[in-house]
């Protein structure tokens, strides 16, 4: 029952992240922000998310998980309201830092480690990867639907129902309303999600070394990935091919659906070849495709490669989460999820700013080339370092 509740809440949040990631650069540009300032706001969201996620991981073993999730949902509601009502750069930069806004269609927020650790204890080891695959599937499908919904403001404006700025503000208010809905779901979670009273004196114990090593590696991958977060990829498509918001939303809907379908193959593939091999042998080809996208002469070819990449690029998400939870003790899971997630956000903090700067210099797509190369290096190092470290179900 608790797992189902978390899957529903994940879907609600992903829907909001889906349309916000597409509309954020449009809204900020409408407010008069240049590409560098758009990148700065995205950077601020990542810095804030990383800091808060790390803090939660360090104190989570002392606090109630339900209370922390409820507080995070309240923060999400406040973030949507703040972006709808404020229009100046510095106030929005601050809200981006302390709030839950996500420039990606994926989950980089404080919710992730809390939900991840709860899900890990909801099923036996052999069912863990499949549950994470469903969690990722729901998130990807709803984020894709959210991206498609990003065309709603243009429809409303076209019908003369309201101005463009008002339509975009309404979407941010919808984001806040989704936070209120998530709050209601979290309040229904049972006491079974809480850990038994622990005598441990620190968040991480025996697994500290492997968690820190994985955190460093995941950060390299995340730094590259943040160069092409959906908001920035949308900005590149706008600049290179002069797309409308509705067209960009349709493209991201397609790539999101393809990513979601791939999640269904992650669990059976992991059972056949192992978690680490599934992560690397699907992720590396996707990064080669990403690197090639800017060299495509037409929009059709660029979209084709983006779609082909989406079939493979996210199969490592449920397997990565499952692997982290498998190699630590139950008491360390929330901390491990936070320590491997927070540096990802912190490492990506400079990426949107760098990406925005590069996109301001040229429409070629250098962020995509750099991202593909860095993420490919991560795949090779991960295989060399962890292929021999087996989770319980593979021993």
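List every residue pair whose Cβ atoms sit under 6 Å apart, with the two residues 6 or more apart in sequence or on different chains, where the first one lies in segment 183-210 and is in a loop (DSSP other than H, G, I, E, B) and the second, anywhere, is at pLDDT below 75.
Pairs found: 198/61; 203/61.
For the subset of segment 306-351 comprising residues that are in a loop (DSSP other than H, G, I, E, B) and touching a helix residue (DSSP H, G or I) at 6+ places or on another chain (Cβ under 8 Å), which member is surrounded by the fewest Cβ atoms within 10 Å (Cβ to Cβ)?
Checked segment 306-351; the qualifying residue surrounded by the fewest Cβ atoms within 10 Å (Cβ to Cβ) is 327.
Take the conditions farther than 21 Å from residue 356 by Cβ, modelled with pLDDT of 85 or more and in a helix (DSSP H, G or I) and apply them to residue 264. Does it pass?
Taking the combined requirement at face value, the residue does not satisfy it.
Provide a single number: the residues in segment 16-47 that are surrounded by fewer than 23 Cβ atoms within 10 Å (Cβ to Cβ) and under 20 Å from residue 115 (Cα atoms).
Of the residues in segment 16-47, 0 are surrounded by fewer than 23 Cβ atoms within 10 Å (Cβ to Cβ) and under 20 Å from residue 115 (Cα atoms).
Which residues, counting only those in segment 1-43, are assigned to a loop (DSSP other than H, G, I, E, B) and either closer than 25 Å to residue 182 by Cβ or at pLDDT 90 or above (or both)?
Within segment 1-43, 1, 31, 32, 33 meet the criteria.
For residue 216, are the conditions met, namely being buried (at least 16 other Cβ atoms within 10 Å of the Cβ), modelled with pLDDT of 85 or more and under 20 Å from the mean Cα position of the chain (by Cα)?
So residue 216 fails the test.
Just a yes or no: is a residue in segment 157-167 within 19 Å of the chain's Cα centre (by Cα) and either touching a residue at least 60 places away in the same chain (Cβ under 8 Å) or not in a loop (DSSP other than H, G, I, E, B) (or both)?
no
Report whether or not residue 240 is on the phi < 0 side of the Ramachandran plot, in contact (Cβ under 8 Å) with a residue 60 or more places away in the chain, out of contact with any strand residue (DSSP E or B) (no Cβ under 6 Å at 6 or more places or on another chain) and not in a loop (DSSP other than H, G, I, E, B).
In short, yes.
List every residue pair whose Cβ atoms lie under 6 Å apart, where the two residues are 6 or more positions apart in sequence or sit on different chains, the first residue falls within segment 77-89 and is closer than 16 Å to residue 32 by Cα, and the second residue, located anywhere, is assigned to a loop (DSSP other than H, G, I, E, B).
Here the result reads 87/31, each pair linking segment 77-89 to a residue that is assigned to a loop (DSSP other than H, G, I, E, B).
The values are calculated or read from the model by the stated rules, or taken from the named source; none is laboratory data. Values in this document were obtained by computation on a predicted structure and should not be read as measured data. Cβ coordinates were reconstructed from backbone atoms using ideal geometry, including for glycine residues, and neighbour counts include every protein chain displayed.
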